[in-house]
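Take a look at the structure set out below.
The values are calculated or read from the model by the stated rules, or taken from the named source; none is laboratory data. What you see is a predicted model, and the numbers here were worked out from it, not measured in a lab. When we count neighbours, we look across all protein chains shown, and the Cβ atoms used for this are built from the backbone with ideal geometry, even at glycine. Heads up: the accessible areas ignore ligands, DNA and RNA and are worked out on the full protein's heavy atoms, side chains in. Shrake-Rupley method; radii C 1.70, N 1.55, O 1.52, S 1.80 Å.
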Amino acid sequence: MSELRHIQQESSEVTKRALQLSDELRSRVEQLGLFETVQHAQENGFSYIRDPVSIEFNDRLREVALKIFAAKRGTNMLLDKDPIFEEVVLNPKLQTIVELMVGKDALLSQYTLSVRDKGARALPLHADQNWTPAPFPVHNQLVTFCWACDEFTKAGGATMVVPKSHINRRHPAPQEVKLAQGAVAVECPAGSVPFWDGSVWHGNWPRTIDGKRVVLHITFTRAYLRQLENYRYLDDAWFQDRPSEIRVMLGR
Ligand SMILES: [Fe+2]
């Protein structure tokens, strides 16, 4: 075996072990029928939650998302924009995968939606752990869910992903972005929720068919980087005459 193959295999084993389940989590995974989902995530760095909700719920969610998009009042920070968004992040299957991927008490980092029409362009390959320098830690730092309100197909502009690319534990180099070697379409029926860890190389295929692709993008991160002390009680007036660095260091 070449040295590179050996290193890759070792890295693969280590990253797989990093996703091992506690007894409590394992029984929840089994109860919710998520065993195959978890296995696929362990092997490939991405996976799918199948049927987390009824198709009626998914259709209602799609309608709400389209209304918010049409109102042009911002497509991010969805949590308090409609009660349905709370139901989504509290979904037991989604919460179980959050714990698997980024541990207990994980933090909701981003909650946005996108609507892509025919002609929507491709998004180049990248890993989501933008603030983490290489080599990425063995333990995954963040998980991204794409709630597919519409069917994901390659022609429909599905996410593209390079299976097992998380074992590289780095961002793709420019040439790797260009070639997108090994990239596959994340195809699934409407109402499914593909997800991937922060190290996996992924992007988007362009949309070449009619209709809209409505997606919720939900990211959770590990809790350990949260501040031990928080200054949330400080209001805007307190910050007014202070340097911007103070805002930045307090996450404002
Ligand atoms: Fe991404």
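Some points to look at:
- Summing +1 for each Lys or Arg and -1 for each Asp or Glu among the other residues whose beta-carbon sits under 14 angstrom from that of Glu36 gives 0.
- What a 1.4 Å probe finds exposed on region 52-118 is 52% carbon and sulfur by accessible area, rounded to a whole percent.
- Region 88-150: trypsin sites (Lys or Arg not before Pro) falling in loop per DSSP and having at most 13 other Cβ within 10 Å: Lys104, Arg121
- Cross-link reach is defined here as a Cα-Cα straight distance under 21 Å, omitting same-chain residues fewer than 8 places apart; for Lys93 the lysines meeting it are Lys16, Lys104.
- Aspartates and glutamates whose Cα lies under 14 Å from that of Lys164, excluding same-chain neighbours fewer than 8 positions away: Glu10, Glu13, Glu43, Asp197
- At a probe radius of 1.4 angstrom, the accessible area of the chain per residue rounds to 57 square angstrom.
- When the chain is treated as a GNM with alpha-carbon contacts under 10 Å, the residue of Pro206, Pro135, Pro124 showing the greatest mean-square fluctuation is Pro135.
- ³J(HN,Hα), Karplus 6.51/-1.76/1.60, whole Hz, each residue of region 237-246, x for Gly, Pro: 4, 4, 7, 3, 9, 9, x, 4, 4, 5
- Shown in residue order for region 31-45 are the 3J(HN,Hα) couplings computed by the Karplus curve 6.51 cos²θ - 1.76 cosθ + 1.60 at θ = phi - 60°: 4, 8, x, 9, 4, 5, 4, 5, 4, 4, 5, 4, 6, 10, x Hz (x for Gly and Pro).
- Positive minus negative residues near Leu234 (Lys, Arg vs Asp, Glu; Cβ under 14 Å): 0
- Charge dipole (Cα centre; +1 on Lys/Arg Cβ, -1 on Asp/Glu Cβ; no other charges) of the chain amounts to roughly 680 debye.
- Lysines with Cα under 16 Å of Lys118, excluding same-chain neighbours fewer than 8 positions away: Lys154, Lys212
- For the chain, Kirkwood radius (reciprocal of mean inverse C-alpha pair distance, Å): 19.5 Å
- Residue among Gln181, Val161, Leu250 farthest towards the positive dipole end of the chain, charges placed on Cβ: Gln181
- For the pair region 143-181 / region 184-252, the C-alpha centres are spaced 17 Å from each other.
- For trypsin sites (Lys or Arg not before Pro), the sites in region 1-91 that DSSP calls loop and that have at most 13 other Cβ atoms within 10 Å are Lys72, Arg73.
- Counted without the sites themselves, the longest stretch of the chain free of chymotrypsin sites (Phe, Trp or Tyr not before Pro) in a DSSP loop having at most 14 other beta carbon atoms within 10 Å is 1-130.
- Helical runs (DSSP H, four residues minimum) scored at -39500 (n - 2.57) apiece and divided by the length of the chain put the mean residue ellipticity at 222 nm at -10000 deg cm²/dmol.
- Phi-derived couplings, Karplus 6.51 cos²θ - 1.76 cosθ + 1.60 at θ = phi - 60°, listed residue by residue for region 220-233: 10, 10, 4, 6, 5, 8, 5, 5, 6, 10, 10, 10, 4, 6 Hz, with x used for Gly and Pro.
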